[in-house]
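Written below as structure tokens is the structure these notes are about.
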Amino acid sequence: MTDPRTLNMHAALVDRMGDVVGVDFTQAKAQGHMSDAEWSQTVTRCTQCSQPGKCREFLAAREAPEDRETVAAQAPDYCNNRRLMGRLQRLMTEDAPIAAE
């Protein structure tokens, strides 16, 4: 079993990657796009990544989500959760309310 400090570090990396690519995991769960078990699997996949240092560098190079010029369109190729984040981006975009004109 992975120790709690490692799990917490990778949970933070996953959450931050979500911020950078525009995926709000709390919202995804609330909208039924992700279960608690899937969140756990997502963090576990992150712990199996061979490049967490590269991930931290990628995330550090991007500002807060409010600064949309530095937000990435997708997670990097080496991210074990890239496909999941892409799927959640699409689902959450489809569910986004249409702004009134």
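Derivation of every value follows stated rules applied to the coordinates shown; laboratory data play no part. Just so you know, these numbers come straight off a predicted model, no measurement behind them. So basically every Cβ, Gly included, is an ideal-geometry build from the backbone, and we count neighbours across all protein chains shown.
Overview of values
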read-out	value
The range 4-95 - charge dipole about Cα centre, Lys and Arg +1 at Cβ, Asp and Glu -1, debye rounded to 20	420
5 Å-binned pair-distance histogram of the range 4-95 (Cα, whole percent)	3, 14, 27, 27, 19, 9, 2, 0
